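Structure record follows, encoded as structure tokens.
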Amino acid sequence: MSKRQTRKMLQLMASGEPVEVTSAMASVKKLARLAHTAQQFGYEYADVRQGGGNSGALKMLIVPDPAPQARQRAAQNRARYPNAGDGVSLPPIVPEAFELLKARINFDLTGKSAEKRMGFGALGLTVGMAIGVARAGEDGVPFVIASWLGLMAILGVGFVVTRKRNARFAARLRAAGFAQVTDETGRVRYLPPGGQLPGHG
């Protein structure tokens with residue numbers, strides 16, 4: 001977690017508005033550290049998404065936490081760490097809270113929506129294979145089918161691995177009292193006790 005990025009995030013948080021933080025290296029660990037710091041000063045993790053394009057960047061949304069305990073924690077930490085704006089003089093990481101943030105971010109990135117994307121990918125490959133078979137000469141058909149089988153096998157392995165990871169993250173969050181909710185797009189999320197989806201608070 002860079003000092004510059006932390007300083008910038010804390011400066012933006014001073015507005016009291018939702019803040020978007022980008023991790024150019026697509027690091028869940030870095031985003032979880034930033035989200036943990038934000039929690040110490042009155043904000044909460046809201047969501048994360050792929051940045052789009054070929055950059056591989058992740059974009060995380062943090063929003064003000066209206067809960068009284070969050071307001072109290074923020075006031076205490078501002079008093080204890082008056083130089084936090086330097087990006088260095090920060091409250092220590094609480095391991096359990098940090099691990100839960102990592103689980104939430106990972107689940108949001110590779111949850112049921114990722115499984116759906118893989119399903120659409122398999123469908124696209126199958127359509128592509130059918131078109132390839134129709135266009136290929138008699139000698140090219142075995143190559144097209146072999147390529148399709150290879151890609152489907154890779155996709156299948158990815159699907160199994162993703163599903164196992166998602167189940168592990170979901171179990172950890174449920175054990176910590178997080179509630180499973182479905183947003184308006186049908187996406188499954190896990191929220192802390194008393195938490196609400198962005199835009200519903």
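The values are calculated or read from the model by the stated rules, or taken from the named source; none is laboratory data. Computed from a predicted structure; not experimentally measured. Here the Cβ positions follow ideal geometry from the backbone for every residue, glycine too, while neighbour counts run over all protein chains shown. Ligands, DNA and RNA are stripped out before the accessible areas are found, and what is left, the full protein with its side chains, is counted by its heavy atoms. Shrake-Rupley method; radii C 1.70, N 1.55, O 1.52, S 1.80 Å.
For this structure, a couple of remarks:
- Among the residues of region 128-141, those identified as part of a helix (DSSP H, G or I) and open to solvent by less than 80 Å² (accessible area, probe 1.4 Å) are GLY128, MET129, ALA130, GLY132, VAL133, VAL141.
Yes/no matrix, rows are residues, columns are (1) of a type outside the set (Val, Ile, Thr); (2) within 17 Å of PRO82 (Cα to Cα); (3) not in a helix (DSSP H, G or I):
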site	(1), (2), (3)
ARG7	yes, yes, no
MET25	yes, no, yes
GLU44	yes, no, yes
VAL48	no, no, yes
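- With respect to (1) charged (D, E, K, R); (2) modelled with pLDDT of 75 or more; (3) more than 30 Å from TYR43 (Cα to Cα), the lone exception for ARG117 is condition (2).
- The set of residues from region 69-109 being assigned to a loop (DSSP other than H, G, I, E, B), surrounded by fewer than 19 Cβ atoms within 10 Å (Cβ to Cβ) and at pLDDT below 90 comprises VAL88, SER89.
- Members of region 75-88 found to be under 27 Å from the mean Cα position of the chain (by Cα) and within 12 Å of LEU10 (Cα to Cα), listed by number: ALA84, GLY85, ASP86, GLY87, VAL88
- Region 58-68, residues that are without any contact (Cβ under 8 Å) to a residue 40 or more places away in the chain, within 19 Å of LEU90 (Cβ to Cβ) and in a strand (DSSP E or B): none
- Residue that is nearest to ALA46 (Cα to Cα) [pool: residues in region 157-194 that are assigned to a helix (DSSP H, G or I) and among the small types (Gly, Ala, Ser)]: ALA170
- Counting residues in region 177-185 that are in contact (Cβ under 8 Å) with a residue 24 or more places away in the chain and either surrounded by 15 or more Cβ atoms within 10 Å (Cβ to Cβ) or aromatic (Phe, Trp, Tyr) (or both) gives one or more.
- Cβ-Cβ contacts under 6 Å between residues 6 or more apart (or on different chains), taken from a first residue in region 186-201 that is modelled with pLDDT of 80 or more and hydrophobic (A, V, I, L, M, F, W, C) to a second residue that is in a loop (DSSP other than H, G, I, E, B) and open to solvent by less than 50 Å² (accessible area, probe 1.4 Å), are listed as VAL188/GLY111.
- Among the residues of region 32-68, the ones that are small (Gly, Ala, Ser), open to solvent by 10 Å² or more (accessible area, probe 1.4 Å) and touching a helix residue (DSSP H, G or I) at 6+ places or on another chain (Cβ under 7 Å) come to 0 in all.
- Near pairs, Cβ below 6 angstrom, 6+ apart or cross-chain, from region 159-170 (within 12 Å of TYR190 (Cα to Cα) and in contact (Cβ under 8 Å) with a residue 12 or more places away in the chain) to any residue that is exposed (fewer than 11 other Cβ atoms within 10 Å of the Cβ) and among the charged types (D, E, K, R): none
- Any pair with Cβ under 7 angstrom, 6 or more apart, that starts in region 22-35 at a residue that is of a type in the set (A, V, I, L, M) and ends at one that is part of a loop (DSSP other than H, G, I, E, B): ALA24/SER55; ALA24/ALA57; ALA26/GLY56; ALA26/ALA57; LEU34/MET1
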